[in-house]
Amino acid sequence: MHSLGVLCGIAAGAWLGAAEAPTKLVTAGLSPYTISLCMVAGVFVARWTLPTLLRGTSYVIDDLRGCPHLIVWAILAGALWAVANTLTVFAIRDVGLAIAFPLWNANSLIGILWGILLFRELHGAPAKNWTKVILGSMAIVAGATMLGFSTIRSSPAGSGHAVGGIAAALGASLLWGTMYVPYRKAYLSGMNPLSFVTIFTIGELGTMLALAIGLAGGLHSVAGQIIAVRHYLFWLFLGGFCWVIGDLFQQYATKYIGIGRGIPLSNTNQLWGLAWGALVFGELAGLDRSHQLIVVAGSIIMILGALAISTAAASAEEHSSTNEALLRECNRYNLDYHRSVMAQAGIEDERRAASKKRWWDYLIVAIAAGVFLWFAWGATLPPLQMNLRWGAALCLALAVLLFGSGWALWKRTRFF
């Protein structure tokens, strides 16, 4: 399961990195709240479509009935995500995609801390695993610091805007790192990631609507902005859809290898964010050579730190400690211990595995496809300088990772 979790984490990094590319529209004059709201709308559609397509609504409903206490946790996680996603748009506006990515990827430090404190991750681990995690964490902090100094000195928006962008990115990292606490509770309880994200989206859409209406001038102002940029909505919807694919892979990584390993590994999205920002949007072209080297070096250091953490495979003693956390969750919420243990190994009981799709499942998928086709009709390329050849190459790499990792996950667990 460790190898499968690592593979899911790599795929998550690629798709999460690509999902942030449409937020570059903030540099074309779009409101950060409008961008985030439109992306969340795409996320909402995708979060209901993909679980329905893969397992069906009957399966999801049965799963939620088995762990009703997790519904409120999923809504809370969605609310945290919506605020964090909005902060990332401000960060991209003020310091750029290639710079903002590594800063908010400090969420891995928050995730490691919560994993140790709440779920006994690394308890009983050998010294080499602790060393990998500690050194990897230090590398992530060092890389983020390098990028922060580079941004303050070189941002064309001025130091005031750069500081605000850094603060927004770090705020997003704090919220995203905390968001994984409900994730881990769900998977220790035996819930399927497909079921969790279905409820998750209620919290994120509700919170994003409240933010957009409360802070962006009211409902009429938001509606006016959306109408004014209707030709670009498809790209924001597409970004939300890509984010869901990456998040699903990330959730499977969290389920099978824990917060402390799954989050850093999915934070290889830094490489993809740097690739999209530098190769497609030319963000590093305005920096002098020394600042370019600082950005690249900081990114490499952060990724090496994340990889060091992710390669610290859990020992038998650590598995025993994790099992104690699992038993605690089962006792607290009166759950089936045997079923939860099987879920950690990617094995589901026969009754749930035999769940069939209904006619309305296909209707939901058809409606979702119609929504995307409707937004795609009349969509135009945004007024941004882009290298389309590099964009096509990165999209091809995404497709390879999607089908390769998806096939491995289906073969081993049937998306459980």
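The values are calculated or read from the model by the stated rules, or taken from the named source; none is laboratory data. Source: prediction; values computed, not measured. Cβ sites come from the backbone with ideal geometry, for glycine too, and all protein chains shown count toward neighbours.
I need the full set of residues from the range 273-291 which are outside any helix (DSSP H, G or I), on the phi < 0 side of the Ramachandran plot and either under 28 Å from the mean Cα position of the chain (by Cα) or among the aliphatic types (A, V, I, L, M) (or both), in order please. Walk me through it before giving the result.
Taking the range 273-291 first, the residues outside any helix (DSSP H, G or I) are 281-282, 287-288.
Now drop any that are not on the phi < 0 side of the Ramachandran plot, which leaves 281, 287-288.
Passing the criteria: F281, L287.
Could you check the range 38-75 and list, in sequence order, the residues that are of a type in the set (D, E, K, R), part of a helix (DSSP H, G or I) and touching a residue at least 24 places away in the same chain (Cβ under 8 Å)? Passing the criteria: R47, D62, D63.
Taking the range 375-394 as the range and being in a helix (DSSP H, G or I) and exposed (fewer than 12 other Cβ atoms within 10 Å of the Cβ) as the test, the residues that pass are L388, R389, A392.
The residues of the range 199-210 that are crowded, with 21+ Cβ neighbours inside 10 Å and under 13 Å from G42 (Cα atoms), listed by number, are T201, E204, M208. Within the range 216-244, being in a helix (DSSP H, G or I), aliphatic (A, V, I, L, M), within 27 Å of G17 (Cβ to Cβ) and at pLDDT below 75 holds for one residue alone: I226. Restricting the first member to the range 327-339 and to residues that are farther than 12 Å from Y187 by Cα, and the second to residues that are part of a helix (DSSP H, G or I) and among the hydroxyl-bearing types (S, T, Y), the beta-carbon pairs closer than 9 Å and six or more apart or on different chains are L327/Y337; L327/S340; N331/Y337.
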